[in-house]
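Quick notes on the structure that follows.
The values are calculated or read from the model by the stated rules, or taken from the named source; none is laboratory data. Note that the structure is predicted; figures quoted are calculated from it, not measured. Note that each Cβ is placed from the backbone with ideal geometry, even for glycine, and that neighbours are counted across all protein chains shown.
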């Protein structure tokens, strides 16, 4: 065979080899997942969802669960779990089938909870996993990517029902969904009035103020701060978390000073007074004036139980007749003036009320029993002088 022919054959073989090499390399780059299943068991093993691989995701910041032989990445969901993340954390990296199916021994999860779980699916146990990333990770556009935080949910009554505890309290009011967990401790009527409605529709209760009247326009505007969605609207876990971050946190309120939840330049009305109707936040109306008497209750000669029924109400008749036992002394009247907020119908600012409240709290009440006894003695002396 001629030398030239041999060189030609070798050159042709080299060209074919190079074309084949670059074709395979190009196919690898365009189809990494498919290629991992074609090129052998090593790549497949790296993507295999085994109990051992799931066990490496065992932290609060990287939490995978096995439920009914399926693997779920619940890392971004922990904060939103209705029962709190503490219930889930012990199962990170483990099989949580029994715990999920029995709701940790408390019953069973709702259909809505099951649907939510489905949005966090990674893959089947002992199968190749789907690539999963959270909303903050850089997505690999060449892979099958599920963005967990972007999984679409729907605000429904079932979803709201999952948030039914004092530490995780959602309400439905006129189709709006509100997360009032952080507000409970600051509610003028006490948190015990709201807690029974956690996870439920509280429209009627809010509209009638629990059967006692109606909420003020300020109370309605304050409620809007806690809105996180609307029944029937689509949302994602990420959007819910963002809305919750915007909700005011009033759980760190200084309990040494009464919290006055009134806006700037408001009018003192009977409706406003009705929102201050507890022993810890007690306003009363006497003779068209409004008084904040919470700090005085324990010092009242007749006991706090006589005044508390009038918190948030007009106590003029009760004060003038001393609860039907007579009339208060002039000293009692002067002492009451120390607790004056303002007259009904007058405008006042939030700052002014806060300052008044602070002054009231910093001024200890006088020993009214001793002062009234001294005044009674002076009255007796005056009567004796008149008789003489």
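Looking at the stretch 173-215 only, could you name the residues that are crowded, with 19+ Cβ neighbours inside 10 Å, touching a helix residue (DSSP H, G or I) at 6+ places or on another chain (Cβ under 6 Å) and farther than 25 Å from residue 154 by Cβ?
184
Identify all residues within the stretch 342-355 that are closer than 19 Å to residue 294 by Cβ and either touching a helix residue (DSSP H, G or I) at 6+ places or on another chain (Cβ under 6 Å) or part of a helix (DSSP H, G or I) (or both); write none if there are none.
350, 352, 353, 354, 355
Tell me which residues, restricted to the stretch 275-298, are outside any strand (DSSP E or B) and within 19 Å of residue 341 (Cα to Cα).
Matches in the stretch 275-298: 275, 276, 279, 280, 287, 288, 293, 294, 295, 296, 297.
Scan the stretch 234-250 residue by residue and report those that are exposed (fewer than 13 other Cβ atoms within 10 Å of the Cβ) and more than 15 Å from the chain's Cα centre (by Cα).
234 - this is the single residue of the stretch 234-250 that is exposed (fewer than 13 other Cβ atoms within 10 Å of the Cβ) and more than 15 Å from the chain's Cα centre (by Cα).
Output the residues belonging to the stretch 279-311 that are farther than 17 Å from residue 360 by Cα, in contact (Cβ under 8 Å) with a residue 40 or more places away in the chain and either crowded, with 17+ Cβ neighbours inside 10 Å or not assigned by TED's automatic domain parsing to the domain that holds residue 338 (or both).
Within the stretch 279-311, 286 is the sole residue that qualifies.
Residues in the stretch 141-157: is at least one touching a strand residue (DSSP E or B) at 6+ places or on another chain (Cβ under 9 Å), closer than 18 Å to residue 245 by Cβ and at pLDDT 60 or above?
yes
Within the stretch 78-91, which residues are surrounded by 14 or more Cβ atoms within 10 Å (Cβ to Cβ) and outside any helix (DSSP H, G or I)?
81, 82, 83
Looking at the stretch 194-220, which of its residues are within 15 Å of residue 184 (Cβ to Cβ), within 19 Å of the chain's Cα centre (by Cα) and not in a helix (DSSP H, G or I)?
Scanning the stretch 194-220 gives 194, 198, 199, 200, 202.
Could you run through the stretch 182-193 and say how many residues are assigned to a loop (DSSP other than H, G, I, E, B), touching a residue at least 40 places away in the same chain (Cβ under 8 Å) and more than 12 Å from residue 169 (Cα to Cα)?
Residues meeting the conditions: 3.
Across the stretch 299-339, what is the number of residues that are farther than 14 Å from residue 278 by Cα and part of a helix (DSSP H, G or I)?
Total meeting the criteria: 16.
Restricting the search to the stretch 48-62, which residues are surrounded by 13 or more Cβ atoms within 10 Å (Cβ to Cβ) and assigned to a helix (DSSP H, G or I)?
51, 53, 54
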